[in-house]
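The values are calculated or read from the model by the stated rules, or taken from the named source; none is laboratory data. Because the structure is predicted, anything quoted here is derived from the model rather than measured. So basically every Cβ, Gly included, is an ideal-geometry build from the backbone, and we count neighbours across all protein chains shown.
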Amino acid sequence: MFSDSFYWWVIAGVVILALLYFISLYNELVNLKNNVNKNWANIDVLLKQRNDELPKLVDACKVYMGFEKGTLEQMIQARNAGLKAQAEQNVAELNAAESIIHRGLGRIFALAENYPDLKTNQSFLQLQSRISELENQIADRRELFNESVKINNVAIEQFPSNLVAGLFGFKPGRLLVFSEARADLNVQDLFTKI
């Protein structure tokens with residue numbers, strides 16, 4: 001009924017369609033991976049800007065908050081660890097460093113209420129405003145980053161794209177979760193430690 005050439009054309013058509021589908025899966029995985037990288041770069045820029053402001057904030061506070069030297073030193077150490085983690089794109093270490101920084105910033109901003117001179121210091125107020133603004137932007141970008149990681153990870157795990165991902169070595173990403181950012185700051189505890 002059908003000639004042998006017809007079957008060859010059908011087989012060739014199926015192979016071509018399968019190849020095109022394979023190529024589209026690969027291209028989608030590449031797109032998702034690059035979207036994760038782009039969103040990481042966006043966070044990286046904001047973290048660098050915020051980390052550049054932290055030493056200035058610490059210097060402004062040192063004059064007024066001498067007894068809080070430990071908090072200030074922890075923030076600088078965490079900043080340095082965060083910079084290293086950013087450079088290495090080590091999400092786990094960055095999460096740990098950022099948790100310490102968030103806790104320290106919350107403590108400094110809450111304790112600043114006890115220092116009228118510090119509260120009126122123009123440099124401190126500008127730094128506090130700038131850092132708060134950057135923290136909000138980081139939170140927004142972190143949400144976008146985590147969403148792109150989630151989409152990437154789902155695509156890598158779903159069939160049949162998981163076959164392509166495994167074949168070409170696509171790896172899942174890690175979510176950026178700053179644990180201390182989730183915890184409520186107990187301001188009363190801060191004042192009782194003074």
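Within region 80-102, can one find any residue that is at negative phi, among the β-branched types (Val, Ile, Thr) and surrounded by fewer than 19 Cβ atoms within 10 Å (Cβ to Cβ)?
yes
Have a look at VAL10, VAL63, VAL45, VAL15 and point out the one that is modelled with pLDDT under 90 and either more than 19 Å from the chain's Cα centre (by Cα) or closer than 21 Å to ARG141 by Cβ (or both).
After ruling out the rest, the residue left standing is VAL63.
So, in region 151-193, of the ones that are in a loop (DSSP other than H, G, I, E, B), aliphatic (A, V, I, L, M) and surrounded by 13 or more Cβ atoms within 10 Å (Cβ to Cβ), which residue ends up modelled with the lowest pLDDT?
LEU185
Restricting to region 100-140, name every residue that is outside any helix (DSSP H, G or I) and closer than 17 Å to THR71 by Cβ.
The one that is outside any helix (DSSP H, G or I) and closer than 17 Å to THR71 by Cβ: TYR115.
Only one of these is free of Cβ contacts under 8 Å to residues at least 24 places away in the same chain and acidic (Asp, Glu): GLU73, GLU98, GLU28, GLU53. Name it.
GLU73
Checking the conditions here, which among ASN136, ASN114 is under 23 Å from VAL63 (Cβ atoms) and either under 15 Å from the mean Cα position of the chain (by Cα) or surrounded by fewer than 18 Cβ atoms within 10 Å (Cβ to Cβ) (or both)?
Only one candidate passes the filter, namely ASN114.
Given the structure, is LYS69 of a type outside the set (Val, Ile, Thr), surrounded by fewer than 19 Cβ atoms within 10 Å (Cβ to Cβ) and at pLDDT below 90?
yes
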